[in-house]
Amino acid sequence: MFKYSQFSLFFKFNFFLTTILFLLFLGFNAAYTLPSFTLSAMGAVSTAATLVLILYIVFFVLRYLDRTGLVILSLVFVVVDLALIIDFFIHRLYNFHINAMVINIMTSPAAADSIQLGLAPYVTAVGVILFLIAFQWGSMALIKRLQAYRVDEINKKMNKLLIIPLFMIILIEKVSFGMATAFSNNEIVSKFAVIPLYQPLTFNRAAHKYFGIEPKAEVNTIASGKQEINYPLEPLSFKPDAKKTNIFIFASDAVRNSAINDEIAPNVSAFARESYRYQNHISGGNATRFGVFSLMYGINSTYWFKFLSASKGSILFDALESLGYQINISSSTSTQWPEFRQTCYVDVASCIHDEFEGTPAQKDALNSAFFETWLSKQDKEKPIFSFVFWDAPHGRSYPDEYKKFLPDGDGKTNYLNVDQQTAKKELYNQYKNAVYYNDALFGQMIQTLKDNDLYDDSIIIFTSDHGQEFYEYGNFGHNSAFSRPQVNSPFIIKLPGEGAKEINTLTSHVDIVPTLMRYIGVETPVETYSNGKDLFAQDFHRDYTFVANWNYNAIYTDEVTMIFSNLPNKIFNNEVRNTQNYAKLEGKDQEMNSAMILSVLNENKKFLK
């Protein structure tokens, strides 16, 4: 057994090396302020200290194995530090940390077909491993060579220098991060994303409950965040004879594609028979933030976090403003939360109208009335863009006269008593009634366009941010799974002078912006501003699409849905599910497609510096 002081000193040596590795990650951030750099540096030191402390506790028993225990502990630190170095290069390439996708690529026999590495990476890897082994061997040799009293002296001095300062660093940075999240200080919070294994402390609920502090999204543009974004890759250019066609988008929150039929949504169904209807259309997310983001930007929804930090708007509105469009964004839900005023609509904030009051159904009625009034005041000789967003299906809200589907529990829900049977019956009927109500509003909007002679010569779209599940595959609502009811959104588009067609090929929300941009005469290559494709291009084809939410991502194909997590404690929880019935696949059927994974990794770093 080697002495406690030897064991402790060995950990301190490794703490310094591990801390240096954590601090290197701070170089991935741009344009620090003094507070953001100080706190993120403290976060890196705090995370390194926490990791080493956990290893100390877990492997304390090894001190009883004398030199053998020290050798085992050295190998543990070699593995930990090597993992950090690998994570460093992964983050450098793809702007995120090791997760299930990366692990799949590293362990898949098929990965060699997708990744062609030269000699340099192997030489570098060998050199790094040799350095880590040499560091451990040198630390062991030094500790063994020192006399016992010297080890005790050094260990005691280092305890005095480290323990209290580290405790204060951990305390200060955790409290500071919690306050930054409570006040939505994205300039500080965003900087912590580069720190591997960082565990945040937040107290938004406590701040609201005990101190009345409401999280408020920042309105001002954050220059440091913009320096991390490279979007678009080229300036916009337009054809000389660019079409300035009116564009009207109507979206209803949480509407699943299967709800669009003659029974539940007769007006939308009638509209679909005069339009292109995409039956296999997948939202970019299973929650509002990510669905609307992918719809309005045409890029994958994992960019949400960086674009929010940077307050970077959509290239779509840059194009519309350049072409002189009259713009309306009217929403039955606040555009402050989710933070669309700081992302999609940041450059057209004066065009937003979202201060409607009442129940979701009442807000939808006011929203529709506002659109009609706004439209009547516009110059019909100039192009118009309008996005109307309703909310009734999300809240299952509807007037009494729209109680078509019964029983509906009298339109009320006691969530304490909700079970699968209630959800599948009463809550689903409430949902269908709300969709039926929004369908009636959509019918009014179409009639308004016809009355204003705008129907025939305009692009008109009906869609949703995401779908809604009622335990068909074991989940309720949305943001809980990537099943078809949650991600298969309606997408119906009418083009001037075009006929009607039902299309079953796989499409995505990220395809909408490039389709609109090409139609209005943007000639900049689609790949320079979008992860999507022009739906009407002759070579349009999609083998997969990407879907995301707060903590999980999915690669969605017609056959399988590959799911992986961004959470450090769930990096091994990747799943492969049957797309049609959402059954979890086992054995060889659960192998992920390395080529698709690599393609997604490249898509998700494309617009970052």
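The values are calculated or read from the model by the stated rules, or taken from the named source; none is laboratory data. Since we're looking at a predicted model, the values are computed, not measured. FYI the Cβ positions are ideal-geometry reconstructions off the backbone, even for glycines, and counts take in every protein chain you see. Areas reflect the complete protein model, heavy atoms only, side chains present, ligands, DNA and RNA absent. Shrake-Rupley method; radii C 1.70, N 1.55, O 1.52, S 1.80 Å.
Report the full-extension gain for the segment LEU197 to LEU34: residue separation times 0.36 nm, less the Cα-Cα distance, to one decimal in nm.
Details: separation 163, 0.36 × 163 = 58.68 nm, distance 2.31 nm.
Between LEU197 and LEU34, full extension yields 56.4 nm more.
Measuring from label point to label point, each 7 Å out along Cα→Cβ, what is the TYR122 to LEU75 span in nm?
Calculated label separation equals 2.4 nm.
Can you work out the FRET efficiency for the pair GLU381 and ASN578, with r the C-beta to C-beta distance and R0 = 51 Å, to the nearest 0.05?
0.45
Convex hull over the alpha-carbon atoms of segment 138-184: what's its volume per residue in Å³?
72 Å³
Would you mind getting me the FRET efficiency between GLU527 and ALA148? Use the beta-carbon distance for r and R0 = 56 Å, nearest 0.05.
Efficiency, from the Cβ-Cβ distance: 0.30.
State which helices in the chain qualify, where a helix is a whole DSSP H run, it must extend 15 Å or more along its own axis by its Cα atoms, and its mean Kyte-Doolittle hydropathy must be at least -1.0. It would help to have the intermediate numbers written out before the result.
Working: long enough: 4-24 (31 Å, 1.33); 34-58 (36 Å, 1.79); 66-94 (42 Å, 1.59); 119-145 (39 Å, 1.41); 148-182 (49 Å, 0.71); 360-376 (24 Å, -0.24); 428-451 (34 Å, -0.73).
Going by DSSP H runs, the hits are 4-24, 34-58, 66-94, 119-145, 148-182, 360-376, 428-451.
Please report the relative contact order for the chain, taking Cα pairs under 8 Å with a sequence separation of at least 6, and give it as a percent rounded to a whole number.
19 percent
With a 1.4 Å probe and all protein chains kept in place, how do MET517, MET596 rank by accessible area, largest first?
On the way: MET517 0, MET596 35 Å².
Heavy-atom accessible area, descending, gives MET596, MET517.
Kindly report the accessible area of the chain per residue (heavy atoms of protein chains, probe 1.4 Å, no ligands, DNA or RNA), in Å². Intermediate results must be reported in sequence, preceding the final value.
Working: 26860 Å² over 609 residues.
Here the per-residue accessible area is 44 Å².
At a 1.4 Å probe radius, carbon and sulfur cover how many percent of the accessible area of the chain?
About 57 percent, which is the carbon plus sulfur part of the accessible surface.
Could you work out [θ]222 nm for the chain from helices alone, using -39500 (n - 2.57) per DSSP H run of at least four and dividing by all its residues? Round to the nearest 500 deg cm²/dmol.
Computed mean residue ellipticity for the chain: -14000 deg cm²/dmol.
At most 15 other Cβ atoms within 10 Å and a DSSP loop assignment: could you name the trypsin sites (Lys or Arg not before Pro) in segment 300-387 that fit?
LYS377, LYS380
Calculated FRET efficiency, ILE20 and SER237, Cβ-Cβ r, R0 56 Å, to nearest 0.05?
Here the calculated transfer efficiency is 0.75.
Would you mind calculating the gained length between ARG273 and LEU171 on full extension (0.36 nm times residue separation, minus the Cα-Cα distance), in nm to one decimal?
Residue separation times 0.36 nm, minus the Cα-Cα distance, leaves 30.6 nm.
For Cα extents along the principal axes in Å, the choices are (1) 80, 59, 47; (2) 94, 55, 50; (3) 108, 67, 46; which was calculated from the structure?
(2)
Report the Cα centroid-to-centroid distance between segment 170-200 and segment 123-157 in angstrom, as an integer.
33 Å
Put a dot 7 Å past each Cα toward the Cβ at ASP558 and PHE89; how far apart are the dots in nm?
Reported label-point gap for PHE89 and ASP558 is 3.8 nm.
Using protein chains only and a probe of 1.4 angstrom, how many square angstrom of ASP152 are accessible, to the nearest 10?
50 Å²
At a probe size of 1.4 Å, how large is the accessible area of LYS606, to the nearest 10 Å²?
Counting only protein heavy atoms, the figure is 70 Å².
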